[in-house]
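A quick write-up on the structure given underneath.
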Amino acid sequence: MVTTRVERSGGWAGIAFVIVTLIGAFAPGVPPTPDATPAQIGAYVDGHHLQWLLAAWLIFPGMAFYYWWLVQLRGYLRLAPGTDDGLPAYLFAGGIALGLMAMLVAVDQIVLGFQPSAALDGAAITLLWDVFNGLGVILFVPAAIVALACSHSGRRHGSLPGALVFWGYVTAAGCGLSTLTLFSRTGFTAMAGTGTFLAGLLPFAVWVIWTSIVLIRHPRGGENSH
């Protein structure tokens, strides 16, 4: 049995996830570029110590909201009439991977920011910074899978509005393009930089909010609750 109240709670969780994620992304301010020196990285982390650790901590409640949204979105898609084509399961697998990788980002942030930079040598700071930026790029692989699987399922079964399906495909493409920033260390296309935000994170955030609104305003659970 699925209830509309539960589906709506998943929608509100999705919106909360986006809010928490954006706060965490902007709280520490503009980070150094991937090619920054250990001294520049250390000065940034030390100068934004509280905000840096807050951003790391926010990933944990953010994931609690995110996983509930993911579970309800998968359930929503599985209520669509027709043969189960595996797309909701594909979405769920990608979503689990995305959440686990996000928590690895938090762990890396904690390790980098827990001690003053003077306690770490330059090689350790550079390694932790590269891991942080690298995970920030690879996150968009499962994000693309989530958006693509959801949109394709919504299109095949008519369970999502056409405009949302289109935006989901755009989001998946943008997330895919964001992974290409791993080849750049500076400028607009720098790894985990402005280009990644505009092409990947922002469209994904809009897409999550849009799917959340659908869960809130047009729950399908009531159709199959007997």
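Quick notes on this structure:
- Each residue of the range 53-65 was assigned a 3J(HN,Hα) from its phi angle through the Karplus curve 6.51 cos²θ - 1.76 cosθ + 1.60 (θ = phi - 60°); the sequence is 6, 4, 4, 5, 5, 5, 5, 5, x, x, 5, 4, 5 Hz, with glycine and proline shown as x.
- Loop-located trypsin sites (Lys or Arg not before Pro) in the range 161-226 (DSSP state other than H, G, I, E, B) with a sparse environment of at most 13 neighbouring Cβ atoms within 10 Å are absent.
- Gain in span if fully extended, I23 to R156, counting 0.36 nm per residue against the direct Cα distance: 44.4 nm
- Per-residue ³J(HN,Hα) for the range 145-156, Karplus 6.51 cos²θ - 1.76 cosθ + 1.60, θ = phi - 60°, Hz, x for Gly and Pro: 4, 4, 5, 5, 5, 5, 5, 5, 5, x, 6, 5
- Helix 38-47 axis versus longest C-alpha principal axis of the chain: approximately 70°, rounded to the nearest ten.
- Computed from phi, the 3J(HN,Hα) profile of the range 24-33 under the Karplus parametrisation 6.51, -1.76, 1.60 (θ = phi - 60°) reads x, 5, 9, 4, x, x, 6, x, x, 6 Hz, with x in place of Gly and Pro.
- Burial ordering of T171, T37, T189, fewest other beta-carbon atoms within 10 Å first: T37, T189, T171
- Treating r as the C-beta distance of F197 and W12 and R0 as 25 Å, the FRET efficiency rounds to 0.50.
- Taking all Cα pairs closer than 8 Å and separated by 6 or more residues, the relative contact order of the chain comes to 31 percent.
- For A190, the residues 5 or more places off, or on other chains, whose built amide H falls under 5 Å of its own are G195.
- The sum of -39500 (n - 2.57) across all DSSP H runs of n ≥ 4, divided by the residue count of the chain, sets its helix-only mean residue ellipticity at 222 nm to -24000 deg cm²/dmol.
- Under a 5 Å amide H cut-off, with hydrogens placed 1.01 Å from N, D85 pairs with nothing among residues at least 5 apart or on other chains.
- The range 144-186 shape via C-alpha gyration tensor axes, a/c threshold 1.5: prolate
- Cβ-derived FRET efficiency at R0 35 Å, V111 paired with V71, nearest 0.05: 0.75
- The modelled label-to-label distance for the pair H218/L104, using points 7 Å beyond Cα in the direction of Cβ, is 3.6 nm.
Since every read-out is calculated from the coordinates, none of them should be taken as a lab result. Treat the numbers as computed from the prediction; the structure is a model and nothing was measured. FYI the Cβ positions are ideal-geometry reconstructions off the backbone, even for glycines, and counts take in every protein chain you see.
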